[in-house]
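Readers should treat all values here as calculations from the given coordinates under stated rules, not as data from a laboratory. The shown structure was predicted, so the numbers you read here are calculated from the model rather than taken from an experiment. Positions of Cβ are generated from backbone atoms using ideal geometry, with glycine treated the same way; all protein chains shown enter the neighbour counts.
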Amino acid sequence: MDRNTYIPRLAKIAQIREEVGGARPIKTFQTQFLKNNDFSFRCGQCAMLSVFGKGESMISISSTPLIKDYLQFSILKMGRVTSSLHEMLVGDIIGIRGPYGNGFPLEKWKGKNLIFIGGGIGLAPIWSVLNTALGKREDYGDLMLIYGARTSKDLVFKEELEELRNKMTVHLSVDVEEPDWKEFVGFVPQNVTDKKPSPKNSITITCGPPIMIKFVIQALKDPGFEDEQIYTTVENKMKCGIGKCGRCNIGLHYVCQDGPVYSWAELKKLPQEY
Amino acid sequence: MVNLEDLKKEAKQILKDEKVKYIIGYKKGVNGLMPVPAFIKNPEDVDKLVWDPTCVYNLTLFIVDEKRRKAREKNPDERPVAIVVKGCDSRALIVLLQEKFIDRKDVYILGVSCENTGVLDEKKLIKKLKGKKAEKVEFDEKDNFVVFTQEGKVKIPAEEILAERCLECKANSPVIYDVLLGEKVERNINNPFKSLEITEDLSEEKKWAFWKEHLDKCIRCYACRSVCPMCYCDECVVDTISFAVTADTSAEEKAQKIKWVEKSPVSSENFVYHLVRAIHLAGRCIDCGECERVCPMDIPLRLLNKKLEKEVKELFDYDAGFDPDLPSLISCFKDEDPEDFIR
Amino acid sequence: MEKILTKKSFPQWVKKLVSYKIYAPVEEDNHWSYEIIDNPENIDLDYPLTVLSPKKIIFPQREVLLEFETSNENKLQVKETLPNDEPTVIFGVRPCDAKSLTLTDKVFGGDFEDLYYWRRRNQSTLVGLSCNIPPSPNCFCLSVDGSPHSKEGLDILMTDLGDKYIIETFTKKGDQLINAAKNLFKNSTSKDKNNLEKIQTESEKKIRRQVKDIKKIPPKLKEMFDSPIWDEESMSCLRCGICTYLCPTCHCFDINDEIASSSPIKGKRIRTWDNCQFPDFTMHSSGHNPRPDKASRLRQRIIHKFQYFVERYQNYQCTGCGRCISQCPVGIDIIEVLDKVSDYGP
């Protein structure tokens, strides 16, 4: 490959939407490349976003590859680079390089039921798969979303969640009681146990805080899900994104190249260092 | 002369009595002449302890390490740790006590006196032996070092291969101890800042050129900082990530952390790192010389700290690490302190 | 080809290489280092192991990846800054250091080729020097599939035959170097060849250190992730960067933006060496650190070099140069650790 992969392509921020406010804000950005919008990627892959002068951050692409006009990223304000991104306005220029990572093995899931389980910002990495499945509805079986956050204000993609109910089964939850909340109250793993998804011909994709993933996997064992049926994404500190700088190395893998998507069967075999 | 058997006996007893968690001392390495740090938990293992002119390391940095370990444990063992210290090393312990980094009850000090000599400089020994490989070095009663090689043994006057700092020694016997091995011997060093003569009288340009040539070689391995017992800050001026980060640290705090020094090993950043470190050690450095010993690029780091040691002595008549009850230099002032910089 | 060059003619050969930038080991203070040579008479090929390997020339500690600047019309411009076109010759490369470059080649190649590394790599001609005697008391190249006269990674290998060098070339780049001063070289005789064989056999016998049973180690390490051995062996570790920065096969790096001005923005994106022994290497922005203690970091270093890398690339990520042993401030000895690993357990 002749192209120098360290050089980001310039893109402008086309749209910003505040998903969650407060102390741990989340914003969704839609970006468009300045030169040409050619950027093919697979669900689950990530891109390195550059804020020139501050640094780079690896963010999963939350839009579906079926949309060609823009790329979508949902970003939690965490440190130097993400804070800078949160201060940006429509029209500001960032750099994007990628796509990196292995993506979800959608070809293996044709005809299967897909169960998406997310917590907080964890919905963003699986949003891409969810919308791809909806876009190619005939390729998949039943679709279900089990998603929750600390409070109703912390749910992301609130506008789209209501529309989703017309197209697939949606089960939402919040951690504690709040007025006007009619759905499940409790942690996401408890909601999983409550809704008892069937493992027959199913794949689950789960993403969220590490502790939630741990208990979701436990909760899925009860109805009988096998390790190969449970997929998740792993987060690790990344710098180069191309498996060379060594930072995201776990066992034999570089999470930026061999991940971030792993089945629980594969992830169990790796040293628990992430 | 220090009797190694007495040291071993004392060590064995405190381990048997379970007075201490473990003993930090020197033991023979698997390969080569120099010893390695030993962490002895079982009384049977005390025979591994050694004491000879190769015991150059300042082991007090492992007291700092021990404190870090304890902080990570849920129910830490509150017993002290025993440590073998030379005169210079004991001054490092005193600085840690002055700064209230450790309590007196956290350390059981096995002091070893250097008497009339000190420890050797491995590079000087290699040069002196001209290709012969040293296997063992011992003290003798007459202030020589007896060097054993495959071709036999050789007596070298200690002065010829002493570590540079030993030639300017301010404490040839531990200043603080629970047990003292060896005798306190009066040693008169007539020029305690002799090593500064290389640079002190140089013109400003020559001084800059001297330090630029050396600091340009720095690869920022931070061995100098890691080996220094006084560099115990969790958040160092060169780190881009603060260790004080918890789940509650806000994104703004993290975003606003100033990058004082860039990671690039270029002249400007290397200068800032070394000079800031030297200033942060002013009035605290006790000249164990470890920073210079460990530097893989042979930068004469000791000189930076020695210069500030001299300034501190001249301005405030203060020597670091002699009195654990004295407040640390920077945390107090006297009415007689010089004020000529205040206009 | 195989040629003979007298020691007296060596500086003349180097003088003929006018279109190249020349690196060779130079003595500085108490150590040796690869530096740019202005006067070929100063090249002394009778030197111990250098502190830093030629890795510092091919994969420098500081590399500018790109520059960014806001132009007058307030447009952000990004400029790629690949290394300059500079044909380079590095003399006196030890076989272990040359082999280490073949290992970093595997890392910097692959799906996303690192153009900075490859430009420097492709424009460098490596002239090796056989180790008739071990250049370090801690050499153990034979234990890691290397040898004091290995040609892996080299364009030319020189062997000291006393008053002359026997010179073997293996690549076109190597041939080009010889052709630049054809008349200085003579053909080798069968006596020279015999001499060479004798020296090569003798040099292997002189390697004093070895790993007990290296073949046992990768499978053993697979079972040893939770072993208490890492805590014991890392007790004296200082968490400095000496072992990894000096290691010719270590390649971890960091990428940071350094700015000259923030408004309008002007700066550079810089790649610098980094190392897995620093406490903040794996720390996340959230404060979570997957490798918070010395034991987990030492374990990562050993298992990465002797198991993960072996499974990924079928090579130990170690060429037995011994620098980490010679320079570790507290005497942590990788051979000792590996021997303990092979003895561990049933």
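Roughly speaking, what is the centre-to-centre gap between region C:105-136 and region A:96-143 when only Cα atoms are used, to the nearest Å? Going from one Cα centre to the other spans 42 Å. Considering only A:Leu155, A:Leu49, A:Leu134, and ranking their Cα positions along the charge dipole of the protein assembly as shown that arises from unit charges at the beta-carbon of Lys, Arg, Asp and Glu, the one farthest toward the positive end is A:Leu134. Please grab the % of Cα pairs in the protein assembly as shown that end up more than 44 Å from each other. Here the long-distance tail beyond 44 Å is 41 percent of all Cα pairs in the protein assembly as shown.
Compute the whole-percent fraction of alpha carbon pairs in region C:1-113 spaced more than 21 Å apart. More than 21 Å apart: 54 percent of the Cα pairs in region C:1-113.
In summary, the lysines within cross-link reach of B:Lys19, defined as a Cα separation below 24 angstrom excluding same-chain residues under 8 places away, comprise B:Lys8, B:Lys9, B:Lys27, B:Lys41, B:Lys48, B:Lys67, B:Lys70, B:Lys74, B:Lys86, B:Lys100, B:Lys105. Shape descriptor for chain B: Rg over Rh equals 0.97 (Cα atoms; Rh from the Kirkwood inverse mean 1/r). Put a dot 7 Å past the Cα of A:Asp139, heading toward its Cβ, do the same for A:Ile67, and the two dots end up 1.8 nm apart.
The convex hull of the Cα atoms of region A:9-100, projected and averaged over all directions, covers 5.4 nm².
The orientation-averaged shadow of the Cα convex hull for chain A, equal to a quarter of the hull surface, comes to 14.5 nm². Pairwise inverse Cα distances across region B:191-241, averaged and inverted, put the Kirkwood hydrodynamic radius at 13.7 Å.
Along the charge dipole of chain C, which of C:Gln307, C:Gly331, C:Gln12 sits closest to the positive end, that is, farthest toward it, with unit charges on the beta carbon of Lys, Arg, Asp and Glu (+1, +1, -1, -1)? Result: C:Gln12, furthest along the dipole toward the positive end. Counting Cα-Cα pairs of region B:134-290 in 10 Å increments starting at 0 gives whole-percent bin shares of 8, 23, 28, 23, 14, 4, 1.
Quick one: dipole size for region A:194-243, taken about the Cα centre, charges +1 on Lys/Arg Cβ and -1 on Asp/Glu Cβ, in debye to the nearest 20.
On the way: 7 positive and 6 negative charges, 33 e Å.
Here the size comes out at about 160 debye.
Think of each Lys and Arg Cβ as +1 and each Asp and Glu Cβ as -1; about the Cα centre, that makes the dipole of the protein assembly as shown roughly 2840 debye. Once C-alpha pairs closer than 8 Å and six or more residues apart are averaged by separation and normalised to the residue number of chain B, the relative contact order reads 17 percent.
Within straight cross-link reach of A:Lys108, meaning Cα distance under 23 Å, which lysines are found once same-chain residues fewer than 8 apart are removed? Result set, ordered by chain and number: A:Lys136, A:Lys167, A:Lys200, A:Lys221, A:Lys268, A:Lys269.
Treat every Asp and Glu Cβ in region A:106-233 as -1 and every Lys and Arg Cβ as +1, leave all other atoms uncharged, and give the resulting dipole magnitude about the Cα centre to the nearest 20 debye.
300 debye
Region B:60-118 gives an Rg/Rh value of 1.03, both radii derived from C-alpha positions and Rh following Kirkwood. Computed over region A:155-226, the percent of Cα pairs more than 21 Å apart is 31.
Cross-link check: pairs A:Lys77/A:Lys244; B:Lys263/C:Lys215; B:Lys206/C:Lys15 evaluated at a Cα-Cα cut-off of 30 Å; pairs beyond the cut-off: B:Lys263/C:Lys215; B:Lys206/C:Lys15. The lysines within cross-link reach of B:Lys142, meaning a Cα-to-Cα straight distance under 17 Å and a gap of 8 or more places when in the same chain, are B:Lys153, B:Lys155, B:Lys184. Separation of region A:5-23 from region B:264-288 is 40 Å, based on Cα centroids. Taking the Kirkwood radius as Rh and the Cα radius of gyration as Rg, region A:106-233 has a ratio of Rg/Rh equal to 0.94. For region A:15-62, dividing the convex hull volume of the Cα atoms by the residue count gives 107 Å³ per residue. Net charge near B:Ala251: determine it from the other residues with C-beta under 13 Å of the C-beta of B:Ala251, scoring Lys and Arg +1 and Asp and Glu -1. Overall, the nearby charge balance is +3. Please state the shape class of chain C: rounded when a/c is under 1.5, otherwise prolate if a/b exceeds b/c and oblate if not, all from the C-alpha gyration tensor. Since a/c reaches 1.5 but b/c is at least a/b, the shape of chain C is classed as oblate.
The GluC sites (Glu not before Pro) found in region C:211-259 that occupy coil by DSSP, while having at most 16 further C-beta atoms within 10 Å, are C:Glu223. One equal scatterer on each Cα of region C:246-346, no solvent, Debye formula: the resulting log10 I(q)/I(0) at q = 0.22, 0.25 Å⁻¹ is -1.32, -1.46.
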